[in-house]
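What follows is one structure encoded as structure tokens, with my remarks underneath.
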Amino acid sequence: MRKVSDDLPPSHPLFPKNPIIVDDDDSKIWSLYDAGPRNIRCPLIFLPPVSGTADVFFRQILALTGWGYRVIALQYPVYWDHLEFCDGFRKLLDHLQLDKVHLFGASLGGFLAQKFAEYTHKSPRVHSLILCNSFSDTSIFNQTWTANSFWLMPSFMLKKIVLGNFSSGPVDPMMADAIDFMVDRLESLGQSELASRLTLNCQNSYVEPHKIRDIPVTIMDVFDQSALSTEAKEEMYKLYPNARRAHLKTGGNFPYLCRSAEVNLYVQIHLLQFHGTKYAAIDPSMVSAEELEVQKGSLGISQEEQSCQ
């Protein structure tokens with residue numbers, strides 16, 4: 001059986017990553033893949049979870065750029081609080097000369113996307129949000145009291161904390177392979193990278209919805225086992241009552257790897273609403289063909305759902 005890593009093309013033009021420094025501290029290096037038409041000024045940016053690197057979204061990058069989208073996948077530098085992250089991310093967008101962007105955030109990435117939208121609400125930089133298996137309040141992890149001590153912990157202990165949230169029960173082969181891929185990515189992260197991400201994940205903070213209520217949101221989550229509790233999901237629905245909901249029957253913590261076709265379709269459906277505007281993430285010449293693909297996919301999903309009822 002093919003593995004996730006077998007599909008990761010080492011010689012593809014997405015690779016290697018572009019390192020960018022925007023802070024006074026030159027040890028804070030953003031790594032990113034920037035793919036697709038550069039004339040697009042409002043691209044879709046992917047923000048990874050605690051255990052992820054920029055390439056965990058390679059299946060979205062390859063598919064969406066093939067359909068004419070500009071896509072950027074990021075890997076964060078070491079930041080120890082949300083304000084510092086938001087300030088650094090704003091500088092990165094300035095460096096890339098991007099006034100507004102669409103954000104897809106997975107887990108911690110989704111929380112940081114919301115915090116950045118909140119941080120820039122007076123001069124908006126976020127045009128829309130796709131929140132995958134994400135949360136709005138760090139207290140759900142019951143680790144706010146340990147958040148300030150992660151920087152002291154050795155790497156193996158930090159990895160053990162993260163691995164504790166990975167699925168341990170029986171899963172299908174594609175999900176098992178996605179977990180193996182994410183474990184490899186986790187192994188590639190250094191102590192300070194991991195400690196800072198866990199600090200951001202657990203530091204006492206919550207999203208203030210009144211500051212971002214006008215931003216179009218799609219909430220993407222799974223019906224099977226993931227690190228998010230049902231209560232955390234319900235809280236997201238309450239926070240964004242007008243959000244579109246993209247439910248996947250299965251997919252675990254990493255649906256963008258093991259259910260990439262469904263995730264990519266939901267991303268396209270979300271972005272369709274901006275076609276024909278200056279905030280479109282797609283090359284205008286690709287719209288008609290791409291819309292046809294989405295319609296076909298939507299029809300397939302609706303037929304499958306009907307057959308299961």
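Data overview
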read-out	value
Principal axis dimensions, region 202-296 - Cα atoms, whole angstrom, descending	45, 33, 22
³J(HN,Hα), Karplus 6.51/-1.76/1.60, whole Hz, each residue of region 142-158, x for Gly, Pro	6, 10, 4, 6, 9, 4, 7, 10, 4, 4, 7, 7, x, 4, 4, 6, 5
q = 0.06, 0.08, 0.14, 0.16 Å⁻¹, the chain: log10 I(q)/I(0) [Debye, one scatterer per Cα]	-0.18, -0.32, -1.10, -1.52
Among Q75, Q143, Q268: highest mean-square fluctuation, GNM of the chain, C-alpha pairs under 10 Å	Q143
Calculated [θ] (222 nm, deg cm²/dmol) that DSSP helices of n ≥ 4 give over the chain, each run adding -39,500 (n - 2.57)	-12000 deg cm²/dmol
Exposed trypsin sites (Lys or Arg not before Pro) absent - longest run of the chain, DSSP non-H/G/I/E/B, at most 14 other C-beta within 10 Å	123-212
Between region 116-191 and region 31-57, the Cα center-to-center distance that results, in Å	17 Å
Choice from Q225, Q191, Q273 with maximal GNM fluctuation in the chain (Cα, 10 Å cutoff)	Q273
Chymotrypsin sites (Phe, Trp or Tyr not before Pro), loop per DSSP, at most 14 other Cβ atoms within 10 Å - longest free stretch of the chain	1-144
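Since every read-out is calculated from the coordinates, none of them should be taken as a lab result. It should be emphasised that the depicted structure is a prediction, and the values quoted were computed from it without experimental measurement. In this analysis, Cβ positions are derived from the backbone assuming ideal geometry, glycine residues included, and neighbour counts consider all displayed protein chains.
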